[in-house]
1. Within the set of pairs 6+ apart or on separate chains, which have a first residue in region 28-50 that is within 14 Å of residue 72 (Cα to Cα), a second that is modelled with pLDDT under 95 and surrounded by fewer than 14 Cβ atoms within 10 Å (Cβ to Cβ), and C-beta atoms under 7 Å apart?
2. Counting only residues that are part of a helix (DSSP H, G or I) and either at pLDDT below 95 or touching a helix residue (DSSP H, G or I) at 6+ places or on another chain (Cβ under 8 Å) (or both), how many does region 34-57 have?
3. For residues that are in a helix (DSSP H, G or I) and touching a residue at least 12 places away in the same chain (Cβ under 8 Å), scanning just region 15-25, find the one that is nearest to residue 35 (Cα to Cα).
4. From the residues in region 57-73 that are within 19 Å of residue 44 (Cα to Cα) and more than 11 Å from the chain's Cα centre (by Cα), which one is surrounded by the fewest Cβ atoms within 10 Å (Cβ to Cβ)?
5. Against the condition at positive phi, surrounded by 12 or more Cβ atoms within 10 Å (Cβ to Cβ), touching a residue at least 12 places away in the same chain (Cβ under 8 Å) and under 10 Å from the mean Cα position of the chain (by Cα), how does residue 12 come out, does it pass?
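The values are calculated or read from the model by the stated rules, or taken from the named source; none is laboratory data. The shown structure was predicted, so the numbers you read here are calculated from the model rather than taken from an experiment. Neighbour counts run over all protein chains shown; Cβ positions are idealised from the backbone, glycine included.
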């Protein structure tokens, strides 16, 4: 199955998409402020830098799908 990176995976639309894709057998790497594989604050430069670095480490630089569902507020 596909290797999927999802921002905003801990709540809202991101959480629902994460659950559906997991149920379908996809490998998920979630990024969020909490309850995620990668904990990062995407509203800051340092958080985005950390998220990118850790994502590349976890995926071996191979990502099939990127879903950006992180919101502000």
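1. That search, which allows pairs on different chains as well, returns 43/72.
2. Just the residues of region 34-57 that are part of a helix (DSSP H, G or I), to begin with: 45-57.
From the residues that got through so far, the ones that are either at pLDDT below 95 or touching a helix residue (DSSP H, G or I) at 6+ places or on another chain (Cβ under 8 Å) (or both) too are none.
Number of matching residues: 0.
3. Taking region 15-25 first, the residues in a helix (DSSP H, G or I) are 15-23.
If we keep only those that are touching a residue at least 12 places away in the same chain (Cβ under 8 Å) as well, we get 17-18, 21.
Working: 17: 15, 18: 12, 21: 17 Å.
Looking at residues that are in a helix (DSSP H, G or I) and touching a residue at least 12 places away in the same chain (Cβ under 8 Å), I get 18.
4. Only one residue tops the list, namely 73.
5. Working: at positive phi: yes; surrounded by 12 or more Cβ atoms within 10 Å (Cβ to Cβ): yes; touching a residue at least 12 places away in the same chain (Cβ under 8 Å): yes; under 10 Å from the mean Cα position of the chain (by Cα): no.
No; evaluated as a whole, the condition is false for this residue.
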